[in-house]
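A.B. asks: Structure in structure tokens, see below.
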Amino acid sequence: MTKRYGQLTALNDVGFSIRPGEILGLIGPNGSGKTTLFECIAGVLAPTAGALLFQDRPLSPHSRRRTLFYLPDAVAPWPAQSVRWALDFAIGFLGGRSDRLDGVIERLALAPLLPNAIGTLSKGQRKRVLLAIGLLAAQPVLLADEPFEGLDLRQSRDVAAALRDHALSGRTLFLSIHQIADAARICDRFVLLSGGRVCGEGTLAELTALARASNAATAGNLEEVFLALT
């Protein structure tokens, strides 16, 4: 997939695979093209070139809506409505899974926030509500842009555990993350993005081997591997 804005190339021939039931991390610094890539995958932006395939077939717009649920970063939908209203809306209008509701509320500690208007929430509280909407969505693949942004350490660990349990239920998660420690904590595999290009794809062990094959000295942690490959 390629995306150009005039003379600026935001994504340059980006290609990788997403495997069913995994947590795939898109890792890269701010400005590397992560959000642009997610918006192209979700259909918010039209790519300049490239295609999105699902089970070896191109995804039509209708199939994309049934397959992918995109959760952007830094949005505050329905600020005058309560958290309870937003979750009910996600189930009723967006076709979410009502059988997941109680568990999502418990895992993301949302019970005290249910009567509160979304516009009154802190950044971290709002992020947890948005994640709840994503977890309630019925589509088999969830794309979440910066799911840990605005969360403190304890909240990040709790959300990571909730996402891991959610993936174990059979959902496929594709997470865009710029904090490497968060990515290392939760992801099964990684796509390393730098300057709009993919610099590596695989498990930590596979990426470590790739870095060492290029004669880069690395201790095998994700941070050092990312620096070696980018």
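The values are calculated or read from the model by the stated rules, or taken from the named source; none is laboratory data. Predicted, not measured: the structure shown is a model, and the values here were computed from it. Note that each Cβ is placed from the backbone with ideal geometry, even for glycine, and that neighbours are counted across all protein chains shown.
A.B. asks: Of the conditions (1) modelled with pLDDT of 90 or more; (2) of a type outside the set (A, V, I, L, M, F, W, C); (3) loosely packed, with under 15 Cβ neighbours inside 10 Å; (4) in contact with a helix residue (DSSP H, G or I) (Cβ under 9 Å, 6 or more places away or on another chain), T203 fails just one. Which one is it?
C.D. replies: Going through (1) modelled with pLDDT of 90 or more; (2) of a type outside the set (A, V, I, L, M, F, W, C); (3) loosely packed, with under 15 Cβ neighbours inside 10 Å; (4) in contact with a helix residue (DSSP H, G or I) (Cβ under 9 Å, 6 or more places away or on another chain) one by one, T203 breaks only (4).
A.B. asks: Output the residues belonging to segment 103-122 that are of a type in the set (A, V, I, L, M) and within 17 Å of Q155 (Cα to Cα).
C.D. replies: Hits for segment 103-122 are V104, I105, L108, A109, L110, A111, L113, L121.
A.B. asks: Given the residues D13, D73, which is the only one that is touching a residue at least 24 places away in the same chain (Cβ under 8 Å), within 18 Å of V141 (Cβ to Cβ), acidic (D, E) and not in a helix (DSSP H, G or I)?
C.D. replies: Unique residue meeting the criteria: D73.
A.B. asks: Another question about this same structure. Checking R185 against (1) part of a helix (DSSP H, G or I); (2) free of Cβ contacts under 8 Å to residues at least 40 places away in the same chain; (3) crowded, with 20+ Cβ neighbours inside 10 Å, which test does it fail?
C.D. replies: Here R185 meets the rest and fails (3).
A.B. asks: Next up: Going residue by residue through segment 6-22, is there one that turns out to be buried (at least 22 other Cβ atoms within 10 Å of the Cβ) and touching a His at 6+ places or on another chain (Cβ under 9 Å)?
C.D. replies: no
A.B. asks: Kindly provide the set of residues from segment 71-125 that are hydroxyl-bearing (S, T, Y) and loosely packed, with under 15 Cβ neighbours inside 10 Å, ordered by number.
C.D. replies: S98, T120, S122
A.B. asks: Where residues in segment 16-39 are hydroxyl-bearing (S, T, Y) and part of a helix (DSSP H, G or I), which of them is nearest to L168 (Cα to Cα)?
C.D. replies: Restricting to residues being hydroxyl-bearing (S, T, Y) and part of a helix (DSSP H, G or I), the top hit is T35.
A.B. asks: Moving on to the next point. Taking into account only those residues within segment 16-60 that are among the basic types (K, R) and in contact (Cβ under 8 Å) with a residue 24 or more places away in the chain, which is nearest to L229 (Cα to Cα)?
C.D. replies: Selected residue: K34.
A.B. asks: It is to be established whether one or more residues within segment 167-174 are charged (D, E, K, R), in a loop (DSSP other than H, G, I, E, B) and within 23 Å of A42 (Cα to Cα).
C.D. replies: yes
A.B. asks: Between Q81, Q125, which is touching a helix residue (DSSP H, G or I) at 6+ places or on another chain (Cβ under 8 Å), more than 30 Å from N30 (Cα to Cα) and not β-branched (V, I, T)?
C.D. replies: Q81
A.B. asks: Restricting segment 23-37 to residues that are in contact with a Lys or Arg (Cβ under 9 Å, 6 or more places away or on another chain) and under 13 Å from A183 (Cα atoms), which is surrounded by the fewest Cβ atoms within 10 Å (Cβ to Cβ)?
C.D. replies: L24
A.B. asks: Kindly indicate whether P115 is over 18 Å from the mean Cα position of the chain (by Cα), assigned to a loop (DSSP other than H, G, I, E, B) and modelled with pLDDT of 90 or more.
C.D. replies: yes
A.B. asks: Looking at R164, is it surrounded by fewer than 20 Cβ atoms within 10 Å (Cβ to Cβ), modelled with pLDDT of 95 or more and on the phi < 0 side of the Ramachandran plot?
C.D. replies: So R164 does not fit the description; no.
A.B. asks: Out of all the residues in segment 136-144, is one or more surrounded by fewer than 19 Cβ atoms within 10 Å (Cβ to Cβ) and without any contact (Cβ under 8 Å) to a residue 24 or more places away in the chain?
C.D. replies: Looking through segment 136-144, none of the residues is surrounded by fewer than 19 Cβ atoms within 10 Å (Cβ to Cβ) and without any contact (Cβ under 8 Å) to a residue 24 or more places away in the chain.
A.B. asks: Give the number of residues within segment 56-72 that are within 20 Å of the chain's Cα centre (by Cα) and farther than 20 Å from L37 by Cβ.
C.D. replies: 1
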